[in-house]
1. Restrict the check to the stretch 126-137 and report whether at least one residue is assigned to a strand (DSSP E or B) and among the small types (G, A, S).
2. Can you find a residue that is in contact with a His (Cβ under 8 Å, 6 or more places away or on another chain) and within 16 Å of the ligand (Cβ to nearest atom) anywhere in the stretch 124-147?
3. Being surrounded by 23 or more Cβ atoms within 10 Å (Cβ to Cβ) and within 10 Å of the ligand (Cβ to nearest atom) is the filter here; which residues of the stretch 148-160 pass it?
4. Which strands (runs of 3 or more DSSP E) sit wholly inside the stretch 214-310 and have at least 1 residues that are closer than 20 Å to P185 by Cβ, over 14 Å from the mean Cα position of the chain (by Cα) and at pLDDT 95 or above?
5. Considering every residue within the stretch 250-257, establish whether at least one is β-branched (V, I, T) and either more than 30 Å from E142 (Cα to Cα) or surrounded by fewer than 23 Cβ atoms within 10 Å (Cβ to Cβ) (or both).
6. Which residue, of G252, G304, G276, is free of Cβ contacts under 8 Å to residues at least 60 places away in the same chain and either away from the ligand (no atom under 15 Å from the Cβ) or not hydrophobic (A, V, I, L, M, F, W, C) (or both)?
7. Check off (1) surrounded by fewer than 18 Cβ atoms within 10 Å (Cβ to Cβ); (2) within 9 Å of the ligand (Cβ to nearest atom) for A163 and give me the number that stays unchecked.
8. Residue check, Q169 against (1) within 25 Å of H122 (Cα to Cα); (2) within 15 Å of the ligand (Cβ to nearest atom); (3) modelled with pLDDT of 95 or more, all met but one. Which one?
Amino acid sequence: MVSSGLQHNHRITKSRTTRKLSNVNQPSRTRASASQGHSDSRLGVIVRLLMENATVLVSGTKLAAEISSNRSEVWRLIQQLRGLGVDVTGHPATGYQLRTMPDLLLPGVVKPLLRGTIFAEHIRHFYKIESTNAEAMQAAAEGDPEGSVFLAEEQTAGRGRGANTWHSQRSTGIYCSVILRPALPPAEILVLSLAVGLAVQAAMEEIDPRLSSALDLKWPNDVLICGKKVCGVLAEMNAEPTRVRYIVVGIGINVNQTAFPAELEPLATSLRLASGSEWSRVELTAALLKSLHREYAALIAQSGAHDSILERFAKNSSWVRGKEVRIEENGVPLAGITEGLDERGFLRVRTTGGIQTVLSGTVRERKQLASAVSIQPA
Ligand code: BTN
């Protein structure tokens with residue numbers, strides 16, 4: 001099952017050398033940041049001010065001054081925030097106050113938690129966007145720097161691997177994409193992708209160590225709890241044959257969902273369902289990006305990092321060795337027992353015809369046991 005291109009992930013595409021670096025010279029679709037950024041940033045300013053003054057009413061005049069506008073515009077934006085689920089009391093005559101602290105992934109809240117990482121400088125937040133990966137891919141093509149982060153409360157067309165979509169209900173999950181510009185050959189991107197899974201797992205364990213025994217990694221980078229998916233990663237790349245121009249790593253985490261649409265129910269779980277309690281998305285996002293920074297910094301700078309990632313992935317995954325699996329790679333089915341990772345991070349599977357190396361595709365357990373066991377709260 002070895003194919004010519006590096007395609008451990010359907011979305012990772014290598015551009016031909018002749019392809020233009022970016023869309024800079026071509027008319028491009030309007031970026032969400034261009035069309036909604038202004039509104040988004042003013043909403044963010046209002047929420048931040050209300051959070052900083054949580055115990056008092058903040059006057060419409062003060063808020064208006066902060067966004068260089070007038071009180072009726074503040075009222076309009078407050079109504080918009082309410083529509084987005086932010087619980088604000090008050091009206092223009094009394095001023096405004098937050099009834100509950102919103103767990104919103106606002107740059108002003110997340111940024112201070114990311115000091116010392118490559119992710120602290122360029123954080124964009126969207127209340128609603130089609131896809132943070134689509135936005136980040138376009139931003140990367142237009143030259144946005146390494147470490148740029150795109151966070152959304154809700155995605156209307158979240159992309160999954162293959163032809164899948166990613167269910168992205170408002171403010172319950174983490175929908176995050178980052179731009180990386182590693183000086184690595186494209187062949188090394190699979191290992192980076194495995195490292196993302198490790199980073200997600202470490203962040204979850206840091207916040208709730210009770211989860212450690214339940215968390216599992218499925219090649220190449222799904223994170224599972226009791227066999228159900230809690231996180232998916234979509235890496236999209238623009239590369240020449242020997243050089244990566246940029247890679248967008250999109251991470252979707254099911255955090256506080258209490259239920260899923262019927263078709264996802266047997267396949268998906270959330271951290272809240274598994275742990276029995278609500279999680280802070282802000283805290284988890286910060287832990288995730290710090291953990292990703294550590295893995296990435298090591299991979300690009302330390303000679304032993306590649307092997308360490310492969311070893312740790314194999315150790316933390318029940319799927320890498322001895323699992324009876326079926327895989328469909330580019331429409332070609334394959335069944336067998338997993339036999340570890342090769343030195344590039346590809347999955348080895350023992351089939352009736354001998355060892356096959358799997359470069360891409362979705363790995364499924366042959367005898368799928370849809371276990372619904374949850375971690376009991378302490
Ligand atoms: C998968 O199918 O397992 C990958 C899912 C990746 C979803 C994330 S959510 C943030 C980012 N934006 C997207 O449109 N997709 C990724």
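1. Here is the first cut: in the stretch 126-137, the residues assigned to a strand (DSSP E or B) are 126, 129.
Subsequent filtering for residues that are among the small types (G, A, S) retains none.
No; the residues of the stretch 126-137 include none that is assigned to a strand (DSSP E or B) and among the small types (G, A, S).
2. Yes, the conditions are met somewhere in the stretch 124-147.
3. Answer for the stretch 148-160, where residues must be surrounded by 23 or more Cβ atoms within 10 Å (Cβ to Cβ) and within 10 Å of the ligand (Cβ to nearest atom): F150, L151, A152, Q155, G158, R159.
4. Numbers: elements: 215-218, 222-225, 228-239, 244-254.
Answer list for the stretch 214-310: 228-239, 244-254.
5. yes
6. Unique residue meeting the criteria: G304.
7. Only one criterion is unmet by A163, namely (2).
8. Evaluating Q169 over (1) within 25 Å of H122 (Cα to Cα); (2) within 15 Å of the ligand (Cβ to nearest atom); (3) modelled with pLDDT of 95 or more leaves (3) as the failure.
The values are calculated or read from the model by the stated rules, or taken from the named source; none is laboratory data. Please read all numbers here as calculations on a predicted model, not as lab measurements. In this analysis, Cβ positions are derived from the backbone assuming ideal geometry, glycine residues included, and neighbour counts consider all displayed protein chains.
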